[in-house]
Amino acid sequence: MISINDCIGLCDLTPEEVAAIAEHEHVPEIVAAALGSYLVHTAHGPERIRDMILDDIRDSVRRRDVAHARQLVGVLRRFLQEHPELALKP
């Protein structure tokens, strides 16, 4: 039987990135892993993932959940290290 960890391991995203997608889309992590796997391999999919993480950060700040916002900033940093072409230009 395939586990959630197996699915995440096959989707080219970190568990934290999958969790951010799940949070943004309000879906279970297994669905987020499938969606993330699809998006990361499409032309503008990584941009959509970046934007999901940014939305999650904004939502955390609005809720004044500083600890979660900081954690998500770390997720965004790691994602941008893998996809430097997505860095937001000033």
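Each label was represented as a point 7 Å from its Cα along the Cα-to-Cβ direction; for residue 65 and residue 27 these points are 1.9 nm apart. The spread of Cα positions in the chain, taken along each principal axis and listed from longest to shortest, comes to 41, 28, 18 Å.
Computed from the coordinates by the stated procedures, all read-outs in this text should not be read as laboratory data. Here the structure is a predicted model, which is why all the values come from computation and not from measurement. Please note: Cβ atoms are built from the backbone with ideal geometry, for glycine as well, and neighbour counts cover all protein chains shown.
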